[in-house]
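The values are calculated or read from the model by the stated rules, or taken from the named source; none is laboratory data. Since the structure is predicted, the reported quantities are computational estimates derived from the model, not experimental observations. So basically every Cβ, Gly included, is an ideal-geometry build from the backbone, and we count neighbours across all protein chains shown.
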Amino acid sequence: MNLEIRGLSYSYSLKIPVLRDIFFSARKGEITALVGQNGSGKSTLLKCINGIHTPRAGQVFFEGRDLLGCSMNERARIVSYVPQAIPGSLNMSVFDVVLMGRRPYIRWSVGRKDRAVVYETLEMLGLDGLTFRSYSELSGGQKQKVLIARALAQKPRLLIMDEPTSSLDLRHQLEILGQIRGFARSEQLCILLTAHDLNLVMNFADRMVMLKDGRISHRGRVDEILTTEAVRDVFEVETAVGIHQGARFIAPLILDNS
Ligand code: ADP
């Protein structure tokens, strides 16, 4: 296993624990999805893994390295993080936003390699037409893709993404998740992301970790653990889970009680 979370706990205020004794692992070359109701602690967990929050207890290891004990710069060469959004407006060009991903490698000035990586990443994500546009003028979906480009330009081995497709329409969700899965396989990246759409999780993620009230309730291979019973337990919703024309699906059972 490449990412190992051992006994991680966190609380914003001393009285209310948000994450309690979290244990799970994730592998290189795979996507692991974190799912759970709003407020179950998914974003907080990502921030603890990335060192934005300091856990009250527990450890985070990646390829045997203690991530919480690394310097910020060392950690940034291993892990990159895609937030849901950047708070406030960012008055920069798309090129400069993606260049921010190169910060852990830039010593005195931006080098030719850093520029080349930015251009290459923008092209790979089909964003080359936006290179010199102002980031603040982009649509929500375009901004989300630029933040993903910034994280990839960082050349991480562990990529953490907080709802990476929440602002995208269905076509772009499928495109981005297909690309993300492609990077996981070809670059042997370990990817941990949060997601609300269980249909996308079912078809793109390899493993999942289900959180309920800050604790893990289920974890394992998606095809084994994403069941009607698990969804009832975690989301308190009745669903049908099945396969149609080779695609896995989960549909809510909307019962008419009127
Ligand atoms: P999720 O990502 O699953 O929706 P979060 O990790 O955002 O959940 O939130 C988990 C809990 O922590 C919620 O009860 C939320 O209100 C609380 N919380 C999140 N951020 C903060 C914060 N900055 N200060 C205090 N409480 C917070």
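Among the residues of the range 120-141, those that are farther than 15 Å from residue 182 by Cβ and crowded, with 19+ Cβ neighbours inside 10 Å comprise 122, 127, 130, 135. Listed by first and then second residue, the pairs linking a residue in the range 105-116 that is surrounded by 10 or more Cβ atoms within 10 Å (Cβ to Cβ) to a residue that is assigned to a helix (DSSP H, G or I) and among the basic types (Lys, Arg), with Cβ atoms under 9 Å apart and 6 or more places separating them unless they lie on different chains, are 105/77; 105/113; 110/102; 111/102; 113/102; 114/102; 115/102.
Pairing each residue of the range 12-26 that is in contact (Cβ under 8 Å) with a residue 60 or more places away in the chain and part of a strand (DSSP E or B) with any residue that is among the aromatic types (Phe, Trp, Tyr) and surrounded by fewer than 20 Cβ atoms within 10 Å (Cβ to Cβ), provided the two are 6+ apart or on different chains, yields C-beta distances under 9 Å for 18/12.
Quick check on this structure: which one of 78, 22, 49 is away from the ligand (no atom under 16 Å from the Cβ) and within 28 Å of residue 181 (Cα to Cα)? Before the answer, list the steps.
Details: 22 fails: away from the ligand (no atom under 16 Å from the Cβ); 49 fails: away from the ligand (no atom under 16 Å from the Cβ).
Criteria check complete, one pass: 78.
Which one of these is under 19 Å from the mean Cα position of the chain (by Cα), of a type in the set (A, V, I, L, M), at pLDDT 90 or above and within 25 Å of residue 50 (Cα to Cα): 117, 94, 146?
On the way: 117 fails: under 19 Å from the mean Cα position of the chain (by Cα); 94 fails: under 19 Å from the mean Cα position of the chain (by Cα).
From the options 117, 94, 146, the qualifying one is 146.
Here's the yes/no breakdown for (1) modelled with pLDDT of 95 or more; (2) assigned to a strand (DSSP E or B); (3) within 16 Å of the ligand (Cβ to nearest atom); (4) under 24 Å from the mean Cα position of the chain (by Cα):
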| residue | (1), (2), (3), (4) |
| --- | --- |
| 196 | no, no, yes, yes |
| 200 | no, no, no, yes |
| 250 | no, yes, no, yes |
| 258 | no, no, no, no |
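The single condition among (1) touching a Pro at 6+ places or on another chain (Cβ under 9 Å); (2) at pLDDT 95 or above that residue 221 does not satisfy is (1).
Name the single residue that is farthest from the chain's Cα centre (by Cα) among those in the range 212-248 being acidic (Asp, Glu), assigned to a helix (DSSP H, G or I) and over 21 Å from residue 43 (Cα atoms). Among those that are acidic (Asp, Glu), assigned to a helix (DSSP H, G or I) and over 21 Å from residue 43 (Cα atoms), it is 229. Here the condition is being within 14 Å of the ligand (Cβ to nearest atom), surrounded by fewer than 19 Cβ atoms within 10 Å (Cβ to Cβ) and either more than 18 Å from residue 151 (Cα to Cα) or under 18 Å from the mean Cα position of the chain (by Cα) (or both); of 29, 39, 58, 69, it holds for 39 alone.
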